[in-house]
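The values are calculated or read from the model by the stated rules, or taken from the named source; none is laboratory data. Note that the coordinates shown come from a computational prediction; the quantities given were computed from them, not determined experimentally. Every residue, glycine as well, gets a Cβ built from its backbone with ideal geometry; the counts of neighbours run over all protein chains shown. To get the accessible areas, we keep the full protein, side chains included, count just its heavy atoms, and leave off ligands, DNA and RNA. Shrake-Rupley method; radii C 1.70, N 1.55, O 1.52, S 1.80 Å.
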Amino acid sequence: MNWLREVARRLRMLMHRHQFDAELEEEIRLHLELRQQEHLESGLTEGDARTVARRRFGNVTSLREESHIAWGWEWFEHLAQDIRYGLRVLRKNPGFTAVAVLTLALGIGANAAIFSVVNSVLLRNLPVRDSQQLVFLSNPDAQGMEQGFGDGDRDFLTYPEFQELSKNDQVFSGLAASASEGPKLSVRIENDGPGSEGVPAQISLVSGSYFSVLGVDPILGTGFTSDVDTVRDASPVVVISYSFWQGRFGGDRTVLSRKIGIRGTWYDVIGVTPPQFSGETVGVSPDVWVPLSMQSEIYPGRDYLSLEPKPFHKIEWLQAIGRLKPGVDVARAKASTNVAFQQILQSQTGQMSAEDRRRFMNQHLAVVEGGRGASTLRGDFSKPLQILMAVVGLILLIACANVANILLARSAARQKELAVRVAMGAGALRLFRQVLTESILLATIGGAFGLLLAHWADAALLRVVSGGTSPIPLDVHLDSRILAFTLAVAVLTGILFGLAPAFRVARVDLSSVLKGTARSIASSGSQAGHVPVGKILVVAQVTLSLLLLVVAGLFIRSFQNLAAVQFGYDSDHLLLFRVSPVSYGYKGPEVVQLFKDMIERLDAIPGIRGASLMDNGLFGGGDSNSPIFVEGAKPKAAEESDSRWDMVGPNFFSTTGIPILYGREIGSQDSGNGQRVGLLNQTAARYYFGDANPIGRRIMVKTTLAPSDFVVIGVVADSKHGSVREKPQRRFYIPFFNPIGDGDASSANVLVRTSGDPGTAVSAIRAAVKQTAANLPPVEIQTMNQRVSKSLATDRMITQLSGVFGALAMILVCIGLYGVMSYAVSGRTSEIGIRIALGAQRRRVLWLILRESLLLVLIGVVIGLPAIFGAGKWISSLLFGVKPADHTAVALATALMFVTGVLACYLPARRAMRVDPMVALRYE
Amino acid sequence: MHGYEIANSIQRISVDVLQVEEGSLYPALQRMLIKGWVIAKWGTTAGNRRARYYQLTVAGRKQLAVEMSQFERVIGAVRRVIEAV
C-alpha cells in the first residue's frame, strides 16, 4: 500500500502546488540569509557575503525547478498550460473558431447520430441483469407466426414445446417465452371518468417466468410468477410499462388497486416495469404484458396453447429465452436442448409416412446468444446502417480536410508568434504538442456541439426510417458507448487534422520568419519542390465527395426505378383494411354472412367502383405457398412445384384492376362447397402448361391442412403482392367463399377501389363497416400507396440521407477549394501583376486560375473513379434496376464536381483578374 | 533540523570533506518526502524565524538501513579489490 500513499502525497502536492512553491521559496530564502549572516559575522562585506552564499548554494532557479519536477506533474502542468493557451487563441479568433467548430460539429454530429441508431439496433444489450447469460432457443431475428412445418432450424416454438423444454433444468436456470408478435389493442381503464374512450396499447403475451428469467424487477408491485401459467383463462393480471404508467395513470402509485379492460376482460394491474425496460424485442415497446394463459382472451376464436393432435397443424409463435446456468456455455446448452427437443418431436410422429417423418425429425433449435434481444430491425437495417456509417465517416474526413486547410493557412499567419516562442526557448516538441492540443480542443468542442446536433437528428432520423407512421420506438438515448464513440472520434479527428499544421509549426524557420522574408505556405512549398499539403487535401476531398455523390446518384436512380414500378393493378385508387370478426364474437356462418353484407354495402357507396376481399392482402406481410400438381401431367419435384396462392372474393380482379387475360374471374356463383374453381397468373400458366390452354384442367393442391383441388377457369396478368422488388412469381387464386382446408376464414383483407381520390371515401367506408357489424372496432383504413410507401421506407431513408450527405460533401469541397484557391491567388498577386503589366489579357489570367482549380478536381476524379466501382458493388444489394457502375450517376457526379471546381474559384479568379499591376508590384 | 542545519551538520560531521552545492539538498529532500522517508513540519528557529523541519520516519530508517548495508557492501568490495592489488 506504500505506492498508494505515495500517489496520495503526489496528489496533495498537485492540489496545493502554489503553496508548495511559496514554501520552497521561503525555505531557500531562509537558507541563503542564514548563510549570508554567517559570512557577515566572519567579517565579509554584505555584498561579498551574499555572493558567497549564493555560490555555495548553486543555481537557485534550476534547483527550484528540479524540486518541483521531482513530484512528476510536469506533463500535467504543461497540458493545462497548453489548454489554457489554446482556449485563449481560439477566443481571440472567434470567426475561425466558429467556422471550424461548426464544420466539426456537423461532421462529428452526423457520425454520433448514425452511431446512436447503430448502437441501439446492432450493438446494445438488453437493459436486464447479466444479459450475457441469455440465449434464444428460437430465431431472434424473426417475427410472426408459422403453421405447418419446414425442416432445419426453427424460428419459433409452440406452447407445448416450450412447456416441455422448461422441464429441462440441466443447462438453464430458467426458461421464458413471449409471443413473437403482439397485437395493438384498445385498452380501457377502470374508473377513468365517464365516456372515456379506450387507448391503443401494445400487448405482449409472456410466460409466468418472463420477468424473473430476464431479471427485470418491477419498480412497483411484482412481476408474474409461474402460478399464472397453471390454469388457463384464470389469471387476469397484467404488468404495465413505465411509460404507460406515466402516460395513462400519471405515475399514480395507487395503480396497483386498479383494473384495465382488454376485449371485455378486466385485468388487475400487479406491477410496473422499470423505465429502461421495453421488452425482449428491440424496436417494439409493449405497454401491457399479459400472461400466455390468457391467450384466448387476447386472440379469441383460436387455441394456441393446447397440443395439436395433428403435428402439421401446430402453431409456432413463441420466442423462447433461456438463462444459462453459471459455467454452462452456449454449445452445451444447444446440445442438451436439442436432445430434449428431439424427444418431443419423436413423441408426435405417430401416423406419419416415412418421408414426412424424416423431414419432421430434421427440425432443430439454433440456440444463439441473446443478450441483444430479438429484432427484425437487425436484418432490415444492418446493411443500410453500415452504408450510412461509412458515408458519414467520409463526410467527417472531408470536414477534417477543410479544418486542416484553415489551420494550415492560419499557422502561416502565426509564424511570427511561433518563431518568437522558439526564440525564447520553446522546444520543437513542445510547440508540436501545443498545436496538437489546440486541434484536439477544437475537435472536442465540435464534438460536444455534435452530440447536441445528433440528439435532434436522431428524432428526425427515426421518423424518416419509420416511413411517416408513428416512429419506431427505438431507444437512442445517450449512453456510455455513444459518449465514448464520440469522444474517440473527436480526439482522432483532432489528431488527424492537427498533424499537418503541427508538423509545419515544429520546423519553423526562425531566421527567415523573423527577418520577414518567409514566403507563404503555397510558394514555399513549391519552391522546395514538393506539392503543398493544402492541395493534396483538396484532391482527397474531391475524391471522397465524388464517391459520395456517385453513391447518392445510384440510390436516387434506384429509388426512381422503385417508384416507377407497375404493380399490375390500379394502386392509385385502392383502399385496404383488415377485419377479424372472429375476435369479436362472430362465429361460423355469421362470419361469412358478415363479409358478404359488408361487400354489398361497400359496393353501394357512391364513388366506389367495386369492393372485394382476400385472405393475405396486398403488401400486408402474409403469403401462402404450397406445391401443386396438374392432373394427368408428369409431376415435377416437390420444390419445383411450389406456387404461391391466395383466396379472393367475388369480382376481386375487376375491383383491383388486374387484367384477365382469358377465361372469367371468380364470381358470387363460385361460393359454397361445390367444385372449386381457380385462376392462374401468367407466370404459373406458362410454367405448368407452356403454350397449352389451361382452362378446364384440374390442379391438385397439397397443403399441410388437407389435399384439395380446383379447376382452372381463367388466367390473369402477373401482379406484385408483397413487395415492389418481387419478381414475377407463380401464383393461383381460389374463391374466398370456397376455401381450402378446414374452411372458416376468421379474418379478411377488404379492398375498395374508388373512382376519384381514395382519401375522400374513408369516412363513408367506416360508416358502412359500422352498419354491417356494430361490434367491430373502427377499422384502420390505408391507401395502397401508403402501404407501398411504408414498404419503401428504408429505401427512402437511405436515398434521402445519401442525397443530403452528397450535397453536404459538395459544399465542403467547394469551401475547401475556395480556401486553397484564394490562398494561391494572394500568394501569386505579384506574379499576376507582372503578367498583366507585360500585357497578359485578363481572360488569360482567369484561365490561369481556373485551370489550376480544374486540374485539382481532375486529379481527384481520376483517383476516385476506381473506388467508385468498389463502392457500387458494396451497395449493389440495395439497388434496384441500377448497375453498380451506372454511367448516368457517374457522369452526373463528375460533372457536379467540375461545376464545384468552377464555382469555388469564381471569387478568387475575379480577384486575380482585377489585380492592379501598379499596386501589386509596389509590394515587392 | 531544517535545511540550513542539515547542510551545516553534513559539513561539520564530515569535517569539511563533503562540500556539495548546498542547494541540491532541496530536490533530494523533496524526493525523500515523496517516498515518505522524511516528514516536514513548519516550526520556528532560535532566531525566531519560520523554517521547515525535517524528520526521519520509520520507513526512512528502514530505507537508511537498506542503503547503509548496500553502501557497506560496495565499500567492502572496493576495499577488497584495492587490497588484492
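Would you mind computing, in nm to one decimal, how far apart the modelled labels at A:Glu41 and A:Ala885 are, each placed 7 Å from Cα along Cα→Cβ?
9.7 nm
Once each part is reduced to its C-alpha centroid, what is the distance from the range A:65-114 to the range A:631-688 in angstrom?
Each part reduced to its Cα centre gives a spacing of 72 Å.
Let me make sure I get this right: for the range A:196-319, a, b and c are the square roots of the gyration tensor eigenvalues over alpha carbons, sorted descending. Under 1.5 in a/c it's rounded, otherwise prolate if a/b > b/c, else oblate. Which is it?
Because a/c hits 1.5 or more and a/b exceeds b/c, the range A:196-319 counts as prolate.
Accessible area per residue for the range A:341-420 in Å², computed with a 1.4 Å probe and the full protein assembly in place, what is it?
Heavy-atom accessible area per residue stands at 39 Å².
For helix A:533-563, what angle does its Cα long axis make with the longest principal axis of chain A, in degrees from 0 to 90 and rounded to 10?
Computed tilt is about 10 degrees.
Over the whole of B:30-41, what's the average partner chain Cβ count within 10 Å per residue? Rounded to a whole number, please.
3
With each label point set 7 Å from Cα along the Cα-Cβ vector, what nm distance links A:Glu590 and B:Arg49?
10.9 nm
Residues of A:29-39, mean number of Cβ from any other protein chain within 10 Å of their own Cβ, rounded to a whole number?
4
If you stretched the chain out fully between A:Leu903 and A:Ala633, how much longer would it get, using 0.36 nm times the residue separation minus the C-alpha to C-alpha distance?
So the extension gain works out to 90.2 nm.
If we sort A:847-859, A:172-184 on the protection proxy, mean other Cβ atoms within 10 Å, highest first, what's the order?
Top of the packing list down: A:172-184, A:847-859.
Pull out a ≥ b ≥ c, the square roots of the eigenvalues of the alpha-carbon gyration tensor of the range A:237-376, then state rounded if a/c is under 1.5, prolate if not and a/b is larger than b/c, and oblate in the remaining case.
It is oblate, given that a/c is not under 1.5 and a/b is not larger than b/c.
Probe radius 1.4 Å, ligands and nucleic acids ignored: give me the carbon and sulfur share of the accessible area of the range A:623-711 as a rounded percent.
Taking all protein chains in place, the range A:623-711 shows 50 percent carbon and sulfur surface.
Extending each Cα 7 Å along its Cβ direction at A:Leu661 and B:Ser69, get the distance between those two points in nm, one decimal.
Output for this residue pair reads 10.2 nm.
Hey, which of these cross-link pairs are over 31 Å Cα-Cα: A:Lys314/A:Lys383; A:Lys596/A:Lys702; A:Lys325/A:Lys790; A:Lys702/A:Lys770; A:Lys535/A:Lys883?
Pairs exceeding 31 Å: A:Lys314/A:Lys383; A:Lys325/A:Lys790; A:Lys702/A:Lys770; A:Lys535/A:Lys883.
Provide the packing ranking of A:689-696, A:375-382, A:582-589, i.e. peptides ordered by the mean count of other C-beta atoms within 10 Å per residue, highest first.
Packing proxy ranking, top to bottom: A:375-382, A:582-589, A:689-696.
Given R₀ = 25 Å, what would the calculated FRET efficiency be for A:Ala413 paired with A:Arg910, taking r from the Cβ atoms and rounding to 0.05?
Calculated value: 0.60.
Within the range A:363-397, whose backbone N sits under 19 Å from a point 7 Å along Cα→Cβ of A:Ala335?
Output list for this probe position: A:364-369.
For the range A:709-810, rounded, prolate or oblate, judged on the Cα gyration tensor with a ≥ b ≥ c (square roots of eigenvalues), a/c < 1.5 rounded, else prolate if a/b > b/c?
Oblate shape, in that a/c is at least 1.5 and b/c is the bigger or equal ratio.
Give the lysines reachable from B:Lys62 as a straight Cα distance under 25 Å; neighbours fewer than 8 places away on the same chain don't count.
Cα-Cα hits under 25 Å: B:Lys35, B:Lys41.
Need one number: buried accessible surface between chains A and B, 1.4 Å probe, both sides summed, DNA, RNA and ligands left out, in Å² to 100.
Counting both chains, the buried surface is close to 2300 Å².
Sort all Cα-Cα distances of the range A:58-174 into consecutive 10 angstrom bins from zero, then give the percent of pairs in each bin up to the one containing the longest distance.
Binned Cα distances yield the sequence 9, 17, 17, 14, 13, 12, 12, 4, 2, 0.
To the nearest 10 degrees, how steep is helix B:58-84 against the longest Cα principal axis of chain B, on a 0 to 90 scale?
Its long axis makes an angle of about 30 degrees.
Using only Cα atoms and rounding to the nearest 10 degrees, what angle (0 to 90) does helix A:480-506 make with the longest principal axis of chain A?
Orientation of helix A:480-506: about 30 degrees from the principal axis.
Using a 10 Å cut-off around each Cβ of peptide B:15-27, what is the average number of partner chain Cβ atoms that fall inside?
Mean shielding count: 5.
Under 17 Å Cα to Cα from A:Lys416, which aspartates and glutamates show up? Leave out anything in the same chain fewer than 8 places away.
A:Asp509
Relative to a virtual label point 7 Å from the Cα of A:Arg12 in the Cα→beta-carbon direction, which members of the range B:1-30 show backbone nitrogen distances below 20 Å?
B:1-3, B:26-30
Compute the length gained on full extension between A:Gln276 and A:Arg232: take 0.36 nm times their separation in residues and subtract their Cα-Cα distance, giving the result in nm to one decimal.
Working it through step by step, the gained length comes to 12.8 nm.
Give me the extension gain from A:Thr683 to A:Ile69: residue separation times 0.36 nm, minus the current Cα-Cα distance, reported in nm with one decimal.
Taking A:Thr683 through A:Ile69 to full extension adds about 212.5 nm, to one decimal.
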